Amino acid sequence: MSFRFNFGVDADDEPSSCVGVFGGASSDTGMVAQTESAASLYAAPYEIVPLAIPSVSSLMVDAIFYASQHVWKRQIDDVQFQLAQQDSMDGSESSVMRQAMAEDKNASDVIKGVYEGGLKTWECSIDLLLYLVDLQSKCGMALDGMRVLEIGCGTGLPSLHILKSTPSAHVCMQDYNRDVLELVTMPNVLANTVLAPASDGDSGDVVHTEADTETCEIDIDFRRTQVLFGDSTDEVIGKRDIPELSTDEAHEADRRLLDGSDICGRCELIAGDWAEIERGLRGQGREHTFDLVLTSETIYDTDSYKKLHDLLECVLSKDSTQAQAQAQNRQKPMVLVAAKSIYFGLTGSVLTFRQYVESRGIFEAESVWQSGGSMPREILRLVWRNGSE
Ligand SMILES: C[S@@+](CC[C@H](N)C(=O)[O-])C[C@H]1O[C@@H](n2cnc3c(N)ncnc32)[C@H](O)[C@@H]1O
């Protein structure tokens, strides 16, 4: 079985700032999928992935600039570095996805049922991020207090924007692969909240700014030392004979770092196949508990439409009709689906998804944004069809 992973696309071709992506310079012009007949029998189980400070001493992140704001995103090279180090240190069994990565790092984007593409940032997630910013700034949409679910989040840029800009929002991020959540989503959440690079230079972080790019090495060990030793941190670090933090000290420091932030209360991560996610959320009594559902580059495979639609139908809130929403100055519950109009060589497209949604008769679908250009991209908005809510 030959696996191929396209790490290079993200690391080499995608600029640190988003400017090139919008200018059409992204290499992300399509998607290559491999079908593994054995893999398609497997569906990733529902798993709640607790937020934890990654067991690395630092994180390399790039700034993604948009609309006078930015979010930090972990570099894919840094992920590979961590995997290489862990492989050499422990002989523990690695996941199917990690094994696939180890076999071949020059790769296809999606391996059906094994890896669904979440390690890199896809173009439409940036469209969705910008669309959200527009809804907030031009249409006055308030995300305060909203319960948001990002389905198939991968690097999760739209969620990162919400977590950063709206402290009262609750954000749940789902990906097929637990490894994606642990290697990129979670570090990204932390890099934009509890571990956010400090501008005062007091955190030990090293920021590099060059032309329109900005990268930062977030020094997690410094933060750990700081939270354990407080004001005497500089003294502790300055003494050469001070040993590195023990495992227990590092765990204690990580606990204190997380306890000192509200992030665990306002962000959760869940892994699994959509059918399992629906089952898991129903099992927790969480039907119709999300006011805003976001998803980008997830409709490339018509085989998944039923379970994606079932999940949307299960999670979208029903508690405010348009009239109620307006009375409470709230947004009507909605799903935003960002996607390329066509995925070459794959079965899915915006048209086929829209037709599928219409055939189910549960949601009304409206195209609310189009990119134009030779590789058009769109955003669909789904709301409950009258009588369905
Ligand atoms: C191409 S990636 C897009 C990642 C991210 N939204 C972006 O635009 O950068 C597709 C995502 O869809 C999710 N996905 C696809 N099929 C899935 C399935 N059957 N069950 C659960 N998640 C799935 C995966 O989590 C994966 O990260």
Legend entry - Cross-link pairs Lys120/Lys340; Lys73/Lys120; Lys138/Lys340; Lys112/Lys340; Lys164/Lys306 - those with Cα-Cα distance over 21 Å: Lys138/Lys340; Lys164/Lys306
Legend entry - His161, His288, His309 arranged by Cβ crowding within 10 Å, fewest neighbours leading: His288, His309, His161
Legend entry - Dipole of segment 256-389 [Lys/Arg +1, Asp/Glu -1 at C-beta], most positive-end residue of Ile379, Leu269, Tyr300: Ile379
Inset, instruction - Starting with the fewest neighbours, write out Ile76, Ile299 ranked by other beta-carbon atoms found within 10 Å of each beta-carbon. - result: Ile76, Ile299
Inset, instruction - Enter the per residue convex hull volume of segment 152-217, computed from alpha-carbon coordinates, in Å³ rounded to the nearest integer. - result: 110
Inset, instruction - Report P(r) for segment 121-194: all Cα-Cα distances, bin width 10 Å, range 0 to the bin holding the largest distance, values in whole percent. - result: 20, 54, 24, 2
Inset, instruction - Mind putting a number on the dipole of segment 248-389 about its Cα centre? Charges go on the C-beta only, +1 for Lys and Arg and -1 for Asp and Glu, and I need it in Debye to the nearest 20. - result: 660
Legend entry - Mean-position separation - Cα centroids, segment 363-389 and segment 133-164, in angstrom: 17
Legend entry - segment 264-389 - percent relative contact order, Cα under 8 Å, separation 6 or more: 23
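Readers should treat all values here as calculations from the given coordinates under stated rules, not as data from a laboratory. Fair warning: this is a prediction, and the values are worked out from it, not measured in the lab. Reconstructed Cβ throughout: ideal geometry from the backbone, glycine too, with neighbour counts over all protein chains shown.
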